[in-house]
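The values are calculated or read from the model by the stated rules, or taken from the named source; none is laboratory data. Remember, it's a predicted structure, so these values are computed and weren't measured experimentally. No Cβ is skipped: glycine too gets one built from the backbone with ideal geometry, and neighbour counts run over all protein chains shown. Note: accessible area is taken over every heavy atom of the protein model, side chains too, but ligands, DNA and RNA are not part of it. Shrake-Rupley method; radii C 1.70, N 1.55, O 1.52, S 1.80 Å.
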Amino acid sequence: MKITVIGAGNMGAAFVKQLSLAGHQVTVTAREIAKAESIATAHPGVNAASPALAADQAEVVIVATPYEEAVNALQSVGDLQDKVVIDITNPLTPNYMGLTIGHETSAAEEIAKVLPGVNLVKAFNTVFAQVLAEGGDFGDGRKVTVFIAGDSDDGKDKARAVAESMGFATIDAGGLKNARYLEPLAGLNIYLGYGAGLGTHIAPTWMQDA
Ligand SMILES: NC(=O)c1ccc[n+]([C@@H]2O[C@H](COP(=O)([O-])OP(=O)(O)OC[C@H]3O[C@@H](n4cnc5c(N)ncnc54)[C@H](OP(=O)(O)O)[C@@H]3O)[C@@H](O)[C@H]2O)c1
C-alpha cells in the first residue's frame, strides 16, 4: 500500500520502520524536511518529501503529530478526499496525565469536523511508540491489539490491513464516535506505563470467552 506518515517524532519513526519492513511504499514528511530525511535514510525504499508533495499518491495518510497540530499537518499535505486518514493522536494535557477533551467529543471527531468528507479512522492511539517500533507481536502467540473506530467500512478495512501487515491484532471498535472511549483508554495506558511504573512495553487488549 502507498502510505504517507506525517510527523518525524517517536510514532512517525516507528511507523516508518514497521511499515517499510511490512513492504509498504512509505513516504514520510515533516515541517522540517531534514527530520523526515533522517528517518527515511535509515530505511531502504522510504522517501522523504515536503508536505505539499508527500501525499499525492497515498492511499493512506497517518497523522503522527500532537493532536493540536493534526489539522494543520493534514491541511499541509493537500487534498485528502480520496484517501484514508488514520488519526493516532491523544489530546493530552501538558503533563500527559490527563485528556483535554472527552465525554461529548474526541480528538478524532474534532479533526473530522474541520475536514468534512475526509475518511478518518481512529487507530493505534493505544499503542506506545516503543511497542510499535518492535512490531505487533509480543511473542508466544500474543499480538498487540489495535482498536479501530471509524464511520466507513473501507476506512476501517484499510486501517486493519495496515495494522495486520505489521503483525498487530485488530478489534473493530465501531463508529468514529467511539474514539471517545479509545482516547481515555490510551490515557489509562499512559498512566499505567509512566504513572504506575509498568513501563512502555505494555498494551491494552480485550478478552473474549469462546
Ligand atoms: N509516543 C507514544 O507512545 C504515542 C502512542 C500513541 C499515540 N501517540 C500520539 O501520536 C502523536 C505523536 O506522538 P509522538 O510521541 O510521536 O510525538 P513527538 O515525538 O513529539 O513527534 C511529533 C512530531 O510531529 C511533528 N509535527 C508537529 N506539528 C506538525 C505539523 N504541523 N506538520 C508536520 N509535522 C508536525 C513534530 O515536528 P517538529 O519536530 O517540527 O516539532 C514531531 O516530529 C501524538 O498525537 C500522540 O498523542 C503517541
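Checking the condition without any contact (Cβ under 8 Å) to a residue 24 or more places away in the chain, small (G, A, S) and open to solvent by 40 Å² or more (accessible area, probe 1.4 Å), which residue from S50, S76 passes?
On the way: S76 fails: without any contact (Cβ under 8 Å) to a residue 24 or more places away in the chain.
After applying the criteria, what remains is S50.
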Which is of a type in the set (A, V, I, L, M, F, W, C) and touching a Pro at 6+ places or on another chain (Cβ under 8 Å), of V131, V77?
V77
Just to be sure I understand, how many residues within region 131-161 are surrounded by fewer than 17 Cβ atoms within 10 Å (Cβ to Cβ) and of a type in the set (S, T, Y)?
1
Inspect all residues belonging to region 162-176 and state whether any of them is modelled with pLDDT of 95 or more, surrounded by fewer than 16 Cβ atoms within 10 Å (Cβ to Cβ) and of a type in the set (S, T, N, Q).
no
Among the listed residues A36, A30, identify the single one that is within 11 Å of the ligand (Cβ to nearest atom) and in contact with a Ser or Thr (Cβ under 6 Å, 6 or more places away or on another chain).
A36
For residues that are touching a Phe, Trp or Tyr at 6+ places or on another chain (Cβ under 6 Å) and open to solvent by 40 Å² or more (accessible area, probe 1.4 Å), tally how many sit in region 1-46.
0
Quick check on region 182-192. Is at least one of its residues charged (D, E, K, R) and open to solvent by less than 60 Å² (accessible area, probe 1.4 Å)?
yes
Does any residue of region 122-134 turn out to be more than 14 Å from the ligand (Cβ to nearest atom) and at positive phi?
no
Within region 95-112, identify whether any single residue is surrounded by fewer than 24 Cβ atoms within 10 Å (Cβ to Cβ) and near the ligand (Cβ under 9 Å from one of its atoms), and answer yes or no.
yes
Within region 1-25, the count of residues that are more than 9 Å from the ligand (Cβ to nearest atom) and within 18 Å of D79 (Cα to Cα) comes to 4
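For residues that are more than 11 Å from the ligand (Cβ to nearest atom) and part of a strand (DSSP E or B), scanning just region 55-85, find the one that is farthest from I39 (Cα to Cα).
Per the stated criteria, the residue is V84.
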